[in-house]
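The values are calculated or read from the model by the stated rules, or taken from the named source; none is laboratory data. Worth saying up front: this structure is predicted, and the values here are computed from it rather than measured. Here the Cβ is made from the backbone with ideal geometry for all residues, glycine too, and neighbour counts use every protein chain on show.
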Amino acid sequence: MNVFKALAEGFRGYVCFRGRMTRASFWNFVITTHLLIFLLLLPAFVEFMKFYRFMLEDSRILDLLTARVNPASIDLEEYLVQIVQELGAEYLAAENHDFTWPIVGLVAACVMGVVVLLPTISATVRRLRDAGQSVWWVLAPLAALLPVPFVGVVAQLLTLVTLALCCMASKPELPDIP
């Protein structure tokens, strides 16, 4: 399936939460959108890895990691913030960096994430219905928004359960109950 067909299938009826969506159509849409967002984030990731490498080559970080600096003798949080600020300034001064593409990629990925949010929820509801499962599973990731300790882990597990339910085979259509 090509990219445009997968996107069209996902966006078709994006505000319609009724109906069904086949396993292949759902996963083609989800994988295509995630792949496109990953490609948009790639320039920012590459720039981050360059900075990360630059940071790890600094002797102050190596001293801290190899315990040449006693963490008990300093305020560790303040020391790390100071090092990262200094390294950031050195990194920007050391090389001629063009952050245009990483920033454009980040903004485009955020916009795309917002654009595909409702179609993804709609597609997930239709896919769960097609698999004969409760559509309420689509709310499982929202548990991460609750201000309760360790609920993020539970929300991730519930999200995995939801994805597993989306992998199930289609069930024959049940008659509507009046």
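I'm told MET55 meets every condition in (1) within 30 Å of VAL116 (Cα to Cα); (2) surrounded by 11 or more Cβ atoms within 10 Å (Cβ to Cβ) except one. Can you identify the failing condition by its number?
Exception for MET55: condition (1).
Regarding the stretch 98-115, can at least one residue be identified that is within 26 Å of the chain's Cα centre (by Cα) and of a type in the set (Phe, Trp, Tyr)?
Yes.
Among the residues of the stretch 84-110, how many are of a type in the set (Asp, Glu) and part of a helix (DSSP H, G or I)?
2
Can you tell me which of (1) surrounded by 12 or more Cβ atoms within 10 Å (Cβ to Cβ); (2) over 18 Å from the mean Cα position of the chain (by Cα); (3) within 30 Å of MET168 (Cβ to Cβ); (4) modelled with pLDDT of 85 or more is the one LYS50 doesn't meet?
Of (1) surrounded by 12 or more Cβ atoms within 10 Å (Cβ to Cβ); (2) over 18 Å from the mean Cα position of the chain (by Cα); (3) within 30 Å of MET168 (Cβ to Cβ); (4) modelled with pLDDT of 85 or more, only one is false for LYS50: (3).
Checking the structure you have, find out if any residue of the stretch 126-145 is surrounded by 13 or more Cβ atoms within 10 Å (Cβ to Cβ), outside any helix (DSSP H, G or I) and β-branched (Val, Ile, Thr).
no
Please pick out the residue among GLY152, GLY113 that is in contact with a helix residue (DSSP H, G or I) (Cβ under 8 Å, 6 or more places away or on another chain), closer than 24 Å to LEU42 by Cα, part of a helix (DSSP H, G or I) and of a type outside the set (A, V, I, L, M, F, W, C).
Selected residue: GLY113, the only one of GLY152, GLY113 that is in contact with a helix residue (DSSP H, G or I) (Cβ under 8 Å, 6 or more places away or on another chain), closer than 24 Å to LEU42 by Cα, part of a helix (DSSP H, G or I) and of a type outside the set (A, V, I, L, M, F, W, C).
Taking only pairs six or more apart or across chains, which ones have beta-carbon atoms under 7 Å, a first residue in the stretch 135-158 that is touching a residue at least 60 places away in the same chain (Cβ under 8 Å), and a second residue that is part of a helix (DSSP H, G or I) and of a type in the set (A, V, I, L, M)?
Hits for this filter: VAL135/VAL125; VAL135/LEU128.
Among residues belonging to the stretch 53-85 that are of a type in the set (Lys, Arg) and within 29 Å of PRO43 (Cβ to Cβ), point out the one that is modelled with the lowest pLDDT.
Only one residue tops the list, namely ARG60.
From the residues in the stretch 86-106 that are loosely packed, with under 12 Cβ neighbours inside 10 Å and at pLDDT 85 or above, which one is nearest to VAL46 (Cα to Cα)? First the steps, then the outcome.
Within the stretch 86-106, the subset loosely packed, with under 12 Cβ neighbours inside 10 Å is 89, 93-96, 98, 100.
Add one more test, that the residue is at pLDDT 85 or above, and what stays is 89, 100.
Details: ALA89: 18, THR100: 13 Å.
Filtering first and then ranking leaves THR100.
Quick check: is even one residue across the stretch 69-89 out of contact with any Cys (no Cβ under 8 Å at 6 or more places or on another chain) and touching a residue at least 40 places away in the same chain (Cβ under 8 Å)?
No, the stretch 69-89 contains no residue that is out of contact with any Cys (no Cβ under 8 Å at 6 or more places or on another chain) and touching a residue at least 40 places away in the same chain (Cβ under 8 Å).
Taking the stretch 8-47, which residues are more than 19 Å from LEU165 (Cα to Cα), within 18 Å of the chain's Cα centre (by Cα) and aliphatic (A, V, I, L, M)?
Within the stretch 8-47, LEU35, LEU36, ILE37, LEU39, LEU40, LEU41, LEU42, ALA44, VAL46 meet the criteria.
Of the numbered conditions (1) surrounded by 13 or more Cβ atoms within 10 Å (Cβ to Cβ); (2) outside any helix (DSSP H, G or I), PRO119 satisfies every one except a single condition; which is it?
Tallying (1) surrounded by 13 or more Cβ atoms within 10 Å (Cβ to Cβ); (2) outside any helix (DSSP H, G or I), PRO119 fails exactly one: (2).
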